[in-house]
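Below is one structure, written out as structure tokens; comments come after it.
The values are calculated or read from the model by the stated rules, or taken from the named source; none is laboratory data. Just so you know, these numbers come straight off a predicted model, no measurement behind them. Cβ coordinates were reconstructed from backbone atoms using ideal geometry, including for glycine residues, and neighbour counts include every protein chain displayed.
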Amino acid sequence: MSARAQEVADALLGTAESLEKYATQEEREDRAFLERLDELVTECTQCGWWVEPHEIDDDGVCAECRDE
């Protein structure tokens with residue numbers, strides 16, 4: 001499962017693609033898969049781009065959006 005989460009994270013990172021494009025419905029409903037994915041990549045609530053988790057603030061906004 002961890003390898004699959006890494007694969008999906010790699011596909012999403014630096015894009016504004018939807019999770020549905022890369023993860024199956026079963027994966028999107030799997031708590032362990034989603035928790036691992038959250039450790040690898042996070043979607044900005046403002047611009048919708050996927051970035052590394054350390055780039056997201058407590059409000060779910062990425063560093064680039066905060067700088068604007």
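Side notes on the structure shown:
- Total residues in segment 42-68, condition in contact with a Gly (Cβ under 9 Å, 6 or more places away or on another chain) and either hydroxyl-bearing (Ser, Thr, Tyr) or under 28 Å from MET1 (Cβ atoms) (or both): 7
- Scope segment 1-50; condition touching a Leu at 6+ places or on another chain (Cβ under 7 Å) and on the phi > 0 side of the Ramachandran plot; matching residues: none
- Filter pass, THR42 being polar (S, T, N, Q) and within 13 Å of the chain's Cα centre (by Cα): yes
- Condition check for GLN25: at pLDDT 95 or above, surrounded by 13 or more Cβ atoms within 10 Å (Cβ to Cβ) and not aromatic (Phe, Trp, Tyr): no
- Residue satisfying all of: in segment 42-58; in a loop (DSSP other than H, G, I, E, B) and of a type outside the set (Asp, Glu); surrounded by the most Cβ atoms within 10 Å (Cβ to Cβ) among these: CYS44
- VAL61 β-branched (Val, Ile, Thr) and either touching a Pro at 6+ places or on another chain (Cβ under 9 Å) or crowded, with 17+ Cβ neighbours inside 10 Å (or both): no
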